[in-house]
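What follows is one structure encoded as structure tokens, with my remarks underneath.
The values are calculated or read from the model by the stated rules, or taken from the named source; none is laboratory data. Remember, predicted model here, so these are calculated numbers, not experimental data. All Cβ positions, even for glycine, are placed from backbone atoms using ideal geometry, and neighbour counts span all protein chains on display. Heavy atoms of the whole protein, side chains included, go into the accessibility calculation; ligands, DNA and RNA do not. Shrake-Rupley method; radii C 1.70, N 1.55, O 1.52, S 1.80 Å.
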Amino acid sequence: MTAARVLEEKLASLYRAGGRIVGGVYLGKGQEAFSVALGLQLSKGRDIFAGLIRDQAGKLAFGEPMLDATRTYLGSALGPMRGRDGNIHRGRPKEGLPAMISHLGSMVSVVAGMLMSRRLQGRLGDAVGASAIGDGGTSTGAFHEGLNLAAVEKLPLIIAVANNQYAYSTPNNRQFACANLVDRAKGYGVEGYEVDGKDLLACLQVFQHAISRARAGHGPQMVVGSLLRLGGHGEHDDASYIPDTIKHSEHGRDCLQLAEECALERGWATVTELAALRESSQKEVDRALAQTSREPSPDPYKESWRALATSALVDEEK
Amino acid sequence: MSLTYLEAIREAQYEALRRDPRVFIYGQDIGEFGGAFKATKRLSAEFPGRVLDSPISEDAMVGMAIGAAVEGSRPIVEMQFADFSSVGFNQIVNQAATLYWRTNVPCPIVIRLPSGGTPGSGPFHSQSMESIYAHYPGLVILTPATVEDAYHLLLDAVELEDPVIFCEHKFLYYHLKADALPTSTLPIGKARIARPGRHATVVAYSAMVHESIRAAEELQQDGYQIEVVDMRSVKPIDTGTILASVARTGRLLCVGESFPWGGVTAEVISRVVADGFHLLDAPPQRLNSKDTPIPYHPNLWRAHRPTAASIVAELRKLLKF
Ligand SMILES: Cc1ncc(C[n+]2csc(CCOP(=O)(O)OP(=O)(O)O)c2C)c(N)n1
Ligand SMILES: [Mg+2]
């Protein structure tokens, strides 16, 4: 959580300073607890984690190298996307990290397919696949089709719905008409849970339960966490449309601060240890950015400009 | 033994399943029922667990196939009709077509589109989608016109590392027969001279190859020898074979069944004009369907799409120029 927060704060300041980051910056501030609780309990090499735009924390916890983030944001030729795609659109599909496309909802069926393939090959074992989504993303046809398909096939899929009350500027009441998103689980025939998405311990518990249910063959699990995005949709957005009453409500509390308070209260960490954690995260972020800065940018003259894997199949148009 | 175009597609899928344990087929009503056109007849019994009924979810069907390909499977997705692939459009053009380029992970999936018009099918069961998909980088678009190609191109498609849109023509399903399957054909990306000639070239694909051959037969009675080029693959386009034909004839008509705005025929003509302007003795022409949705009634339908008669009329103008 801390590393993700520090990294994202740094990316935001680079964005504001201008120059080094091309394109937008989309942050997960306020959603780290929900994201990390999932990523932490999946294991790379076995499970699949399809994080979306607010899952920096979950991706780091799952095992995505921090360099993947810095290289993709800064456009290093050595990053997994090699300048071909940017910011949160990154991944290593062969390592259980599908690279999201922008179109919301469309990763759900891809994760389902990854699980289907493993099952067909007889090597699914007790792996699960998780697909993150926002409250707005649940309104897409792709989300519905994907979850329904996974439910029909009884696949070990975890759907993590981060309900941050808004989709860009659109509040929940313009997004869906059901009383609560978790009510939908029943309609899909999947098991559903609600959790306070700011409460790290509660999130850890609910995901632990959901993951174990999925591993045990009980089909897709839908976890809805309620929380608030503590910032704009992206760094270009001041979120002025979110009323102060909500920002200052219980919903608007910072999950990282809450987690730190909880750790102190329970004696799991001291103030000094928390400060040291922040400092070591800062160093890790600085190291990743320094290394990325020294790396080459993509070169249009060396770029293959070929979209097909079959190099012999070239359309001759000049 | 004689075999229809549809049976060839079934046989190719049988062979793909037999050869390669990574292959599975996914689509609506394709399991025990054998598919709306019976292209997967008995396959689910012959390959248990590998020919799977899907929900009516074209988006998720394609997304699922992409995920499966990432994990090492070789999925074939059957769309019940090409028209419904529009619901899976996003996954096809944004997810499948970009996967390799973005992540270096190939996306070997085949999406079968039962395409084109048959009488009485109307606006939503008759479409030809090849031009739309060909517009997007990262896809291979195949349009077999013969029983042999229906078989071999489909098998080749399954072996390819890239996403293939396989446009099989419903009008040819039952009409077209071959005595036996040859052991091999031209590779993907190569066009074929379906009929040699020297007075004009008709470039066509899929069902339009047969309309064009009928037109050529009719004009032969007037002493014209029309060369017909079967594109086989509309992406990539075998520009070389087309230009070589135009070099022999000096005249070009390009025929396609899809809508007239842009598309495959426009692309072929633009390439011939750019690279072979000096070879042309007359302005190159193209013939497509009319620019309306596809009508239901056979009287209207026959007038909507190019036919041997309209191709003959177009060729006569071209030959007189
Ligand atoms: C299909 C689709 N339509 C529109 C967009 C543009 N868009 C990007 S993020 C976003 C809001 C998403 O809201 P939500 O799913 O609640 O996630 P959040 O940003 O709140 O985390 C929109 C509309 C998109 N990416 N995909
Ligand atoms: Mg939201």
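Residue by residue through region B:67-116, note down the ones that are part of a helix (DSSP H, G or I), among the hydroxyl-bearing types (Ser, Thr, Tyr) and closer than 19 Å to B:Ser44 by Cβ. Walk me through it before giving the result.
Within region B:67-116, the first condition is being part of a helix (DSSP H, G or I), and the residues that meet it are B:67-70, B:82-103.
Then keep just the ones that are among the hydroxyl-bearing types (Ser, Thr, Tyr); that gives B:85-86, B:98, B:100, B:103.
Across region B:67-116, there are no qualifying residues.
Conditions tested, residue by residue: (1) surrounded by fewer than 20 Cβ atoms within 10 Å (Cβ to Cβ); (2) away from chain B (no Cβ under 14 Å); (3) over 28 Å from A:Leu227 (Cα atoms).
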| position | (1), (2), (3) |
| --- | --- |
| A:Phe34 | no, yes, no |
| A:Gln41 | no, yes, no |
| A:Ile53 | no, yes, no |
| A:Ala61 | no, yes, no |
| A:Arg82 | yes, no, yes |
| A:Arg90 | no, no, no |
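Are there helices (runs of 4 or more DSSP H) fully within region A:7-103 with at least 2 residues that are within 16 Å of ligand 1 (Cβ to nearest atom)? List them.
Here the list reads A:32-39, A:56-62.
Between a first residue in region B:250-270 that is of a type in the set (Lys, Arg) and a second residue that is surrounded by 24 or more Cβ atoms within 10 Å (Cβ to Cβ) and outside any helix (DSSP H, G or I), which pairs have beta carbons less than 9 Å apart while being 6 or more apart in sequence or on different chains?
Every condition considered, the pairs that remain are B:Arg251/B:Ala200; B:Arg251/B:Thr201.
Quick check, is B:Ser121 in contact (Cβ under 8 Å) with a residue 40 or more places away in the chain, under 16 Å from the mean Cα position of the chain (by Cα) and away from chain A (no Cβ under 14 Å)?
no
Identify, by number, the condition in (1) surrounded by fewer than 21 Cβ atoms within 10 Å (Cβ to Cβ); (2) of a type in the set (D, E, K, R); (3) out of contact with any strand residue (DSSP E or B) (no Cβ under 8 Å at 6 or more places or on another chain) that A:Asp199 doesn't meet.
For A:Asp199, the failing item is (1).
Name the residues in region A:126-142 that are within 13 Å of A:Ser109 (Cβ to Cβ) and away from ligand 2 (no atom under 13 Å from the Cβ), would you?
Once the filter is applied, which keeps residues that are within 13 Å of A:Ser109 (Cβ to Cβ) and away from ligand 2 (no atom under 13 Å from the Cβ), region A:126-142 yields A:Gly129, A:Ser131, A:Gly141, A:Ala142.
Only one of these conditions is not met by A:Ala130: (1) crowded, with 24+ Cβ neighbours inside 10 Å; (2) more than 10 Å from every other protein chain (Cβ to nearest Cβ); (3) assigned to a helix (DSSP H, G or I). Which number is it?
For A:Ala130, the failing item is (3).
Name the residue that is farthest from the other protein chains (Cβ to nearest Cβ), counting only residues in region B:55-66 that are in a loop (DSSP other than H, G, I, E, B) and farther than 25 Å from B:Phe171 by Cα. It would help to see each step written out before you state the result.
The first filter runs over region B:55-66 and keeps only residues in a loop (DSSP other than H, G, I, E, B), leaving B:55-57.
Subset that is farther than 25 Å from B:Phe171 by Cα: B:55, B:57.
Values: B:Pro55: 6, B:Ser57: 4 Å.
For region B:55-66, the residue satisfying everything is B:Pro55.
State all residues of region B:58-94 that are small (Gly, Ala, Ser) and within 24 Å of A:Leu97 (Cα to Cα); if no residue qualifies, say none. Don't jump to the end; show me each part of the working.
So the first thing to find is which residues in region B:58-94 are small (Gly, Ala, Ser), and the list is B:60, B:63, B:65, B:67-69, B:72-73, B:82, B:85-86, B:88.
Scanning region B:58-94 gives B:Ala60, B:Gly63, B:Ala65, B:Gly67, B:Ala68, B:Ala69, B:Gly72, B:Ser73, B:Gly88.
Please indicate, with yes or no, whether at least one residue in region A:209-221 is open to solvent by 30 Å² or more (accessible area, probe 1.4 Å) and either in contact with a helix residue (DSSP H, G or I) (Cβ under 8 Å, 6 or more places away or on another chain) or within 16 Å of ligand 2 (Cβ to nearest atom) (or both).
no
Mind checking which residues of region A:62-84 are touching a helix residue (DSSP H, G or I) at 6+ places or on another chain (Cβ under 7 Å) and either modelled with pLDDT under 95 or closer than 20 Å to A:Glu303 by Cβ (or both)?
Filtering region A:62-84 down to residues touching a helix residue (DSSP H, G or I) at 6+ places or on another chain (Cβ under 7 Å) leaves A:62, A:66-67, A:69-71, A:73-74, A:76, A:78-81, A:84.
Across region A:62-84, the qualifying residues are A:Arg71, A:Tyr73, A:Leu74, A:Ser76, A:Leu78, A:Gly79, A:Pro80, A:Met81, A:Arg84.
Somewhere in region B:284-301, is a residue within 19 Å of the chain's Cα centre (by Cα), away from chain A (no Cβ under 14 Å) and assigned to a strand (DSSP E or B)?
Checked region B:284-301: at least one residue is within 19 Å of the chain's Cα centre (by Cα), away from chain A (no Cβ under 14 Å) and assigned to a strand (DSSP E or B).
Looking at (1) in contact with a Phe, Trp or Tyr (Cβ under 7 Å, 6 or more places away or on another chain); (2) modelled with pLDDT under 95, find the lone condition where A:Glu250 falls short.
Status for A:Glu250: all satisfied but (1).
Does B:Pro119 fit the bill of being assigned to a loop (DSSP other than H, G, I, E, B) and open to solvent by 40 Å² or more (accessible area, probe 1.4 Å)?
yes
Any idea which of (1) closer than 18 Å to B:Glu15 by Cα; (2) within 14 Å of chain A (Cβ to nearest Cβ); (3) small (Gly, Ala, Ser); (4) open to solvent by 20 Å² or more (accessible area, probe 1.4 Å) is the one B:Ser184 doesn't satisfy?
With respect to (1) closer than 18 Å to B:Glu15 by Cα; (2) within 14 Å of chain A (Cβ to nearest Cβ); (3) small (Gly, Ala, Ser); (4) open to solvent by 20 Å² or more (accessible area, probe 1.4 Å), B:Ser184 is out only on (2).
Listed residues B:Glu78, B:Glu168, B:Glu161; which is of a type in the set (Asp, Glu) and surrounded by fewer than 24 Cβ atoms within 10 Å (Cβ to Cβ)?
Of B:Glu78, B:Glu168, B:Glu161, the one residue that is of a type in the set (Asp, Glu) and surrounded by fewer than 24 Cβ atoms within 10 Å (Cβ to Cβ) is B:Glu161.
Applying the selection to region A:100-118, what residues are surrounded by fewer than 24 Cβ atoms within 10 Å (Cβ to Cβ) and away from ligand 2 (no atom under 16 Å from the Cβ)?
Of everything in region A:100-118, those that are surrounded by fewer than 24 Cβ atoms within 10 Å (Cβ to Cβ) and away from ligand 2 (no atom under 16 Å from the Cβ) turn out to be A:Ile101, A:Arg118.
Can you find even one residue in region B:23-33 that is under 13 Å from A:Ser117 (Cβ atoms), assigned by TED's automatic domain parsing to the domain that holds B:Asn104 and in a loop (DSSP other than H, G, I, E, B)?
No; the residues of region B:23-33 include none that is under 13 Å from A:Ser117 (Cβ atoms), assigned by TED's automatic domain parsing to the domain that holds B:Asn104 and in a loop (DSSP other than H, G, I, E, B).
Residues of region B:131-158 being open to solvent by less than 10 Å² (accessible area, probe 1.4 Å) and closer than 19 Å to B:Thr307 by Cα, which ones?
B:Thr143, B:Pro144, B:Ala145, listed by residue number.
From the set of residues in region A:162-190 that are surrounded by fewer than 18 Cβ atoms within 10 Å (Cβ to Cβ) and away from ligand 1 (no atom under 16 Å from the Cβ), which is farthest from the other protein chains (Cβ to nearest Cβ)?
That would be A:Ala179.
Hey, can you tell me all the residues within region A:143-161 that are among the β-branched types (Val, Ile, Thr), more than 15 Å from ligand 2 (Cβ to nearest atom) and within 14 Å of chain B (Cβ to nearest Cβ)?
A:Val152
Within region B:1-42, how many residues are farther than 17 Å from B:Tyr173 by Cβ and among the aliphatic types (A, V, I, L, M)?
5
Within region A:110-121, identify whether any single residue is more than 10 Å from chain B (Cβ to nearest Cβ), more than 14 Å from ligand 1 (Cβ to nearest atom), among the aliphatic types (A, V, I, L, M) and touching a helix residue (DSSP H, G or I) at 6+ places or on another chain (Cβ under 6 Å), and answer yes or no.
no
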